[in-house]
Amino acid sequence: MRDALQGAVLTPFGWRLGELRHAGGRIVAINGRSISEDEARASGAPLILPGFIDLHVHGGGGHDTMDAGDAAAHIARTHARHGTTAMLATTMTAPAEDILQAFEGLGPICRARPANAARVLGVHLEGPYINPGKLGAQPDFAREASLDEVRALHALAPIRLITVAPELPGHIELIAQLVHEGWRVQLGHSAGCYEDGVAALGAGAAGFTHLFNAMTGLHHRDPGMAGAALAHAEYSEIIPDLLHVHPGALKVALRAIPKLYGVTDSTAATGMPDGEYRLGRHRVFKCLGGVRLDDGTLAGSALTMDQALRNFVGLGLSVAEASARTATHAADYLGLADHGRLAPGAHADCVLLDPDLNLTRVVIEGETIEFPDA
């Protein structure tokens, strides 16, 4: 059975006013005439973009990734509601038994997508291989990396990304081993210097975790880890909630890093009212659009990817460029040629937006996501 979506479709080759046809969860054809972005937005037709891909998700809908049971399914449904069609469940720095329990709970959802939920592609292991002096909002359980531990966790749920502080003893050598065994390694929660970042990139690290946050900053005589990213990175994630990073710094990163992409770094507070929530072993508080620890430290976010798209456009990006930074670049970073783009053979994962970029429909694997309790 074939089905079709009508509207202005953003393809890798530009906008088409017509229809996107799909069958069996994959795109089979995109038909229509070529138009400009201005024409697409003026047409009044739905804007059809690739579904959002979020590689840094700690929670949502009142649930935390470190929780057991069906927490991950609730999180994936919350983010699907805001247009995320694929995501990485992201763990916190924690005792080994807590991380093990989290992975046991995440394994099933990585193997089978629940109804009305984003596809969980795997796990982003953000901790515990980070610098205890750059915890940010991570609990104080940082430790040196262990290849055996990574292998054991991967057997429970597929690890797609690993955040590492490269300046810790043995970590440069371990980065090379992790990359050799097929894992994507990125740098973050680091007190390392510019030279540490360059050495880690040389060892095979490929990106940076929430650029500018929880890493040594840029100074003209001491470029720091942020300077290594700006000077050398092809890919990096960044949190475009306009709280974690000043709009001016976002513009610097957009000019410097060709495939900078947005992540939410979302917490259990995402999609929820102001109040108290949990982030790993921490209490966090949502208020005035932000999420913070008791001491006021930013602790993840309440950002959603549809708002991330609007924020990028508000900074002056075209819708097409904002779409690349909320879908395509993240897919390319993970080597997923059939995600993050609307083209024959790709997954039929789409978001439909009105001309003001408000979300009107979410389609995952060709199925419209339903939210009866919305």
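The values are calculated or read from the model by the stated rules, or taken from the named source; none is laboratory data. Worth saying up front: this structure is predicted, and the values here are computed from it rather than measured. All Cβ positions, glycine included, derive from the backbone under ideal geometry; neighbour counts span all protein chains shown.
May I ask you to verify whether Leu250 is surrounded by fewer than 17 Cβ atoms within 10 Å (Cβ to Cβ) and either under 22 Å from Ala229 (Cβ atoms) or not charged (D, E, K, R) (or both)? So that I can check it myself, show each step before the final result.
Values: surrounded by fewer than 17 Cβ atoms within 10 Å (Cβ to Cβ): no; either under 22 Å from Ala229 (Cβ atoms) or not charged (D, E, K, R) (or both): yes.
In short, no.
The number of residues in segment 253-268 being in contact with a Lys or Arg (Cβ under 7 Å, 6 or more places away or on another chain) and part of a loop (DSSP other than H, G, I, E, B) comes to 1. Glu181 passes every criterion in (1) closer than 28 Å to Gly59 by Cβ; (2) surrounded by fewer than 18 Cβ atoms within 10 Å (Cβ to Cβ); (3) among the charged types (D, E, K, R) apart from (1).
Consider Gly217 carefully, then state whether it is in the same structural domain as Leu88 (by TED's automatic domain parsing), more than 30 Å from Leu315 (Cβ to Cβ) and not in a strand (DSSP E or B). Lay out the reasoning, then the answer.
Working: in the same structural domain as Leu88 (by TED's automatic domain parsing): yes; more than 30 Å from Leu315 (Cβ to Cβ): no; not in a strand (DSSP E or B): yes.
In short, no.
Among the residues of segment 30-55, those identified as exposed (fewer than 15 other Cβ atoms within 10 Å of the Cβ) and part of a strand (DSSP E or B) are Asn31, Arg33, Ser34. If you go through segment 146-166 and keep only what is surrounded by 22 or more Cβ atoms within 10 Å (Cβ to Cβ) and either within 19 Å of Met225 (Cα to Cα) or touching an Asp or Glu at 6+ places or on another chain (Cβ under 9 Å) (or both), you end up with Ala157, Leu161, Ile162, Thr163, Val164, Ala165, Pro166. Annotation note: Cβ proximity below 6 Å between a residue of segment 56-69 that is over 15 Å from Met272 (Cα atoms) and free of Cβ contacts under 8 Å to residues at least 40 places away in the same chain and a residue that is surrounded by fewer than 20 Cβ atoms within 10 Å (Cβ to Cβ) and of a type outside the set (Gly, Ala, Ser) (sequence gap 6+ or interchain) occurs for Ala68/Gln101.
Any residue in segment 108-118 that is in contact with a Phe, Trp or Tyr (Cβ under 7 Å, 6 or more places away or on another chain) and closer than 22 Å to Leu20 by Cα?
As a first pass, look at segment 108-118 and keep what is in contact with a Phe, Trp or Tyr (Cβ under 7 Å, 6 or more places away or on another chain): 116.
Subset that is closer than 22 Å to Leu20 by Cα: 116.
The answer is yes, given that some residue of segment 108-118 is in contact with a Phe, Trp or Tyr (Cβ under 7 Å, 6 or more places away or on another chain) and closer than 22 Å to Leu20 by Cα.
Within segment 223-252, can you find the residues that are more than 22 Å from Glu167 (Cβ to Cβ) and not in a loop (DSSP other than H, G, I, E, B)? Pro247, Gly248, Ala249, Leu250, Lys251, Val252, listed by residue number.
Residues that are in the same structural domain as Thr326 (by TED's automatic domain parsing), within 16 Å of Ala269 (Cβ to Cβ), in a loop (DSSP other than H, G, I, E, B) and modelled with pLDDT under 95: does segment 67-75 have at least one?
Of segment 67-75, the ones in the same structural domain as Thr326 (by TED's automatic domain parsing) are 67-75.
Within this subset, residues satisfying the condition of being within 16 Å of Ala269 (Cβ to Cβ) are 67, 71, 74-75.
Now restrict to residues that are in a loop (DSSP other than H, G, I, E, B): 67.
Subset that is modelled with pLDDT under 95: 67.
Taking every residue of segment 67-75 in turn, at least one turns out to be in the same structural domain as Thr326 (by TED's automatic domain parsing), within 16 Å of Ala269 (Cβ to Cβ), in a loop (DSSP other than H, G, I, E, B) and modelled with pLDDT under 95.
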